[in-house]
Amino acid sequence: MITLGFATLIFGACDKYLEVQSNNKLVVPKELDDLQKLLDNVRVMNNNFCSRGEKACDDYFIPESNYKALNDVEKLDYIWEDSQYNFSNDWSSMYNVVYIANLVLERLDKIDRNEQNAVKWDGIKGAALFFRANSYLSLLWTYGKAYQRNTAETDLGIVLRETSDFNVKSVRASVEDSYRKVITDLETSISLLPLEPDHVVQPSKPAVYGVLARAYLSMRQYDLALKYADLYLQRRNELLDYNNSNEVKLTASFPFSLFNKETTFYMELKATILSNAYSNIDSVLYRSYEPNDLRKQAYFKVTANTINFKGQYSGSALLFGGVATDEIYLIRAECLARAGKLVEAQADLNKLLATRYKTGTYKPYLLTEAEKVLKVILSERRKELIYRGLRWMDIKRLNLEGQEIILKRVVDGKEYRLVPNENRYALPLPADIVRIAGIPQNPR
């Protein structure tokens, strides 16, 4: 059992180490414990998953009065226009994680691996590779086009930083090379990481399986996404029972506890305008939940004029973006359906939904048409995984599958639209990064 004291220690871990290398006179990590402390700085390593895509998607809207109160950058972002934004942002936060991961890997190479320190040495290397790969994946989902095999080698991906040396020039890799780097780092980390971490803010084998399943799903390589979802669920398959008040407090301001039993790797989205102070949940999405679906109570706070989201797995207003078991059941269900295994796909879906409906009211799906099974699974995926940092990538990949999802905003009586597969689905890079690093901006 992990104590609250241990969790508190990790969350406050050693900010002084973040100053390394900015000045040669400052503390430079040289021991394994120092490197572990760098990776355990949750505020930096775990709490900055890209949220810019979540802001661009269709699960919410901003009322006119709130829209007028936004700053100019937020207003332009909301209608998918280039806001010429600068530091700080998703890009800078994720590359801070990449920098620390690279620094750890470089310093680790200077420490001999021996029989006494092998487990710790391997764990540190595995964690650094995981954090780097996870950051790259988040950046790809935000700033790259959806993966298409026939264009991935020429589509602009992200910058693959393999060193902590700031003097090395940044170059944008292709979408193909970017995804290959994500996969390589993750696959390498599997043999290095433990089956059970000391705490869910630290990577583990199941966490890697979950992120690999995510990566391959976003690449539309469903056979490989299925492989890793299955590996995950062989080791982690417990679900919260929404009927159990010890696990989910439906009427509470925040019904889910921090580090609940579905959480395998804990991350948060970077702070966004997706707060109850600014945004409302899309009413069509809200109405898609049936009366006996307990998620309708657990996820939403409804007043006369607003529908606000409260279903974060953070136990607070902070948005959870980590790897959780409910998501992996939905990945496996989708991949099974696409493989024509409709009975198995619905078994996963039914297992999940039975824990979400009021006891005795859920009627299991027993569909026989592949198209209908997939449609139900994708609908439940959206309903289950609100504000998890996944919807933007889902829209991009599903539009390549012919879903024809069209996004719309209405501001001052004018409608703004984002049609499938257009360039604006690769969100613009920060203006200062483009200028300083001399890398190409995404086409509009």
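The values are calculated or read from the model by the stated rules, or taken from the named source; none is laboratory data. Keep in mind the model is a prediction, meaning the values are calculated, not measured. Cβ atoms come from the backbone with ideal geometry, glycine included; neighbour counts cover every protein chain shown.
For this structure, a couple of remarks:
- Which listed residue, of Y95, Y85, Y67, is surrounded by 14 or more Cβ atoms within 10 Å (Cβ to Cβ) and in a loop (DSSP other than H, G, I, E, B): Y85
- When the residues of region 27-65 are filtered to those that are among the basic types (K, R) and closer than 30 Å to D109 by Cβ, the one that is farthest from the chain's Cα centre (by Cα) is K30.
- For region 219-237, the criterion of being within 24 Å of N47 (Cα to Cα), touching a strand residue (DSSP E or B) at 6+ places or on another chain (Cβ under 9 Å), of a type outside the set (S, T, N, Q) and part of a loop (DSSP other than H, G, I, E, B) is met by at least one residue.
- Taken over region 42-68, the criterion of being among the aliphatic types (A, V, I, L, M) and either closer than 20 Å to R391 by Cβ or without any contact (Cβ under 8 Å) to a residue 40 or more places away in the chain (or both) is satisfied by A56, I62.
- Selection within region 66-108 - small (G, A, S) and under 24 Å from T306 (Cα atoms): A69
- Selection within region 180-192: residues that are surrounded by 24 or more Cβ atoms within 10 Å (Cβ to Cβ) and hydrophobic (A, V, I, L, M, F, W, C). The member of this set that is nearest to Q148 (Cα to Cα) is V182.
- When V201 is tested against (1) out of contact with any Pro (no Cβ under 6 Å at 6 or more places or on another chain); (2) in a helix (DSSP H, G or I); (3) surrounded by 22 or more Cβ atoms within 10 Å (Cβ to Cβ), exactly one condition is not met: (2).
- When residues of region 292-338 are limited to those that are more than 23 Å from N237 (Cα to Cα) and aliphatic (A, V, I, L, M), the one surrounded by the fewest Cβ atoms within 10 Å (Cβ to Cβ): A304
- Single residue of S275, S316, S218 found to be closer than 25 Å to R180 by Cα, under 19 Å from the mean Cα position of the chain (by Cα) and polar (S, T, N, Q): S218
- Qualifying residue in region 93-102 (condition: in contact (Cβ under 8 Å) with a residue 60 or more places away in the chain, within 28 Å of V419 (Cα to Cα) and in contact with a Ser or Thr (Cβ under 9 Å, 6 or more places away or on another chain)): no
- Within the set D177, D165, the sole residue that is assigned to a loop (DSSP other than H, G, I, E, B), modelled with pLDDT of 95 or more and surrounded by fewer than 18 Cβ atoms within 10 Å (Cβ to Cβ) turns out to be D165.
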